[in-house]
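Enquirer: One structure follows; several queries about it will come next.
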Amino acid sequence: MTKGYTVLGPEIVSDLHDPVRDFAYDALVGLSERPKRLSSKYFYDDAGSRYFQRIMSLEDYYPTACEREILTERAHEIISPMLGRGPFNLVDLGAGDGAKTKILLDALRAAKAEFTYVPIDISEGAMRTLVEAVRVEQPDTRVSGLVCEYVEGAHYLGRAFADRSNLVLFLGSNIGNFNRVQARAFLRRLWSSLRKGDCVLIGFDLKKDIEVLLRAYNDSEGVTAAFNLNLLTRMNRELGADFDVTKFRHYGTYSVFSGAMESYLVSLEPQVVRIDALEQSFSFDAWEPLHTEYSYKYLRADIDRMAADTGFSVIRQFEDSRGWFASSLWRVEIETKVPSPLK
Ligand SMILES: C[S@@+](CC[C@H](N)C(=O)[O-])C[C@H]1O[C@@H](n2cnc3c(N)ncnc32)[C@H](O)[C@@H]1O
């Protein structure tokens, strides 16, 4: 089952073959573009994962509290389609610290379900911490972690776990980092890796008062700013760059046109940055932005359309009491095993 994967421990394998090389390549492409950009997936080195844990505990950052409320109140309804069907995988795409997933793990254990927990995350540090926590807190839970990108995780499900049913979680509004085209492509890819009767629970952050959105991504304690700026520190450490972090500022804004919160690092003065791993320097003008994140927000109708466009049917949709966040439970209704060149 682990062929082609690097074994990181008894319960963790990795599909990241040369992560620093990939990072260097993406930095080269992204910093050569106008506007400059870098994918938000690079936020999550060990320090970034810790910053994100702090963000999730902030009053201003509402998505965590909203999703926790839904999972706590609706745990049984969420897991019930999987009960009585034999052993299955609880797959957690972009699992992070798994704090909210533990609500569902508890519900599954209380229901005496036979399952394997399969967290998938690009961050090796976050994965090691999560798997160790599950082992200590829930020693009777079977866990099989995979360090890789989402799309590789979908591929792994189709290949390594083809004989098991799946309940796939895509929590924390992770889907929002994809634009609509990318989200549709990824969900269709996921659909084709699953089997008839498999379910997916996706957390969608809903469109709401723009002031609430702006506060969430510009928190008063400055943790989101530190999280964003940590990307420069990571480039300094892993790529031998010489970014002066004090010469950039975090800027988070909402685009009504695209329906996304967008995060930037803005250069405060003209400067040249050297990246040794690329043997190249990059110049920034004063007030030139480096785009670092999209977080797309959804209307309820967008969610229905996304499910229909990607082959899923919506079984139930749960919202928190403020109507700010939706956890949408989808199912694969037909056999998906058509020949695919990507499998
Ligand atoms: C916003 S956090 C959400 C964590 C968790 N699901 C939650 O709801 O609390 C995103 C997580 O996804 C991981 N991640 C980000 N981009 C990824 C990618 N392209 N492939 C796999 N994991 C990714 C990060 O390392 C991080 O742990």
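Enquirer: Please list, ordered by chain and number, the residues whose modelled amide H lies under 5 Å from the amide H of K207; skip anything fewer than 5 residues away on the same chain.
Expert: So K207 has HN proximity to Y298, L299.
Enquirer: Give a residue-ordered list of calculated ³J(HN,Hα) values for region 85-101 (Karplus: 6.51 cos²θ - 1.76 cosθ + 1.60, θ = phi - 60°; whole Hz; x for Gly, Pro).
Expert: These are the phi-based 3J(HN,Hα) values: 10, x, x, 8, 9, 9, 8, 10, 7, x, 5, x, 8, x, 4, 6, 4 Hz.
Enquirer: What order do you get for 325-333, 83-91 when each peptide is scored by the mean count of other beta carbon atoms within 10 Å, highest first?
Expert: On the way: 325-333: 21.2, 83-91: 16.9.
Output ranking for 325-333, 83-91: 325-333, 83-91.
Enquirer: Which one, Y25, F204, T64, projects farthest toward the positive side of the charge dipole computed for the chain from Cβ point charges (K/R +1, D/E -1)?
Expert: Going by the charge dipole, the pick is F204.
Enquirer: So, one more: Among DSSP beta bridges lying fully in the chain, give the percent that are antiparallel, nearest 5.
Expert: So the antiparallel bridges amount to about 60 percent of the total.
Enquirer: Enter the angle in degrees (range 0 to 90, nearest 10) between the Cα long axis of helix 180-193 and the first principal axis of the Cα atoms of the chain, meaning the one along which they spread out most.
Expert: Helix 180-193 and the main axis of the chain meet at about 40 degrees.
Enquirer: A further question on this structure: Determine, for each peptide in 200-209, 268-277, the mean count of other beta carbons within 10 angstrom over its residues, then list the peptides with the highest first.
Expert: By packing density, highest mean first, the sequence is 200-209, 268-277.
Enquirer: At a 1.4 Å probe, what is the % contribution of carbon and sulfur to the accessible area of the chain?
Expert: Details: 7850 of 15240 Å².
Its accessible area is 52 percent carbon and sulfur atoms.
Enquirer: Next question. So if I place +1 on the C-beta of Lys and Arg and -1 on the C-beta of Asp and Glu, and nothing else carries charge, what would the dipole magnitude of region 1-131 be about its Cα centre? I want it in debye, nearest 20. Show your work: numbers first, answer last.
Expert: Numbers: 16 positive and 20 negative charges, 25 e Å.
Using Cβ point charges on Lys, Arg, Asp and Glu, region 1-131 gives about 120 debye.
Enquirer: Can I ask one more? Return one number: the angle in degrees, 0 to 90 and rounded to the nearest 10, between the long axis of the Cα atoms of helix 46-56 and the longest principal axis of the Cα atoms of the chain.
Expert: 70
Enquirer: Still on this structure, please answer the following. If you average 1/r over all unlike Cα pairs in region 51-169 and invert the result, what Kirkwood radius do you get in angstrom?
Expert: 14.9
Enquirer: Looking at V272, L231, Y298, which one has the Cα that reaches farthest to the positive end of the dipole of region 209-301 (charges on Cβ: Lys, Arg +1; Asp, Glu -1)?
Expert: Most positive-ward Cα: Y298.
Enquirer: Could I ask something else about it? Given a 1.4 angstrom probe, what's the average accessible area per residue across region 190-275, in square angstrom? Write down the numbers at each step before the final one.
Expert: Working: 3310 Å² over 86 residues.
Computed with neighbouring chains in place, this is 39 Å² per residue.
Enquirer: Testing the spin-label approximation: label points 7 Å from Cα along Cα→Cβ at D46 and V266. State their distance in nm.
Expert: Between D46 and V266, the label points sit 3.4 nm apart.
Enquirer: Moving on. To the nearest Å, what is the center-to-center distance of region 98-163 and region 306-334, using C-alpha atoms only?
Expert: What the calculation gives is 22 Å, centre to centre.
Enquirer: Distance from the Cα centre of region 236-290 to that of region 1-44, in angstrom?
Expert: Here the two parts' Cα centres lie 19 Å apart.
Enquirer: What is the helix-to-structure angle for 124-137, meaning the angle in degrees between its Cα long axis and the longest Cα principal axis of the chain, kept from 0 to 90 and rounded to the nearest 10?
Expert: In the chain, helix 124-137 runs at an angle near 40 degrees to the longest axis.
Enquirer: Quick one: putting +1 on the C-beta of Lys and Arg, -1 on the C-beta of Asp and Glu, what dipole do you get for the chain around its Cα centre, in Debye to the nearest 20? Walk me through the numbers before you get to the answer.
Expert: On the way: 42 positive and 49 negative charges, 228 e Å.
Dipole of the chain, to the nearest 20 debye: 1100 debye.
The values are calculated or read from the model by the stated rules, or taken from the named source; none is laboratory data. Predicted model, so just to flag it, every value in this text is computed and none were measured. Ideal geometry is used to build each Cβ from the backbone, glycine not excepted, and the neighbour counts take in all protein chains shown. Quick note on the areas: whole protein, heavy atoms, side chains included, nothing else; ligands and nucleic acids left out. Shrake-Rupley method; radii C 1.70, N 1.55, O 1.52, S 1.80 Å.
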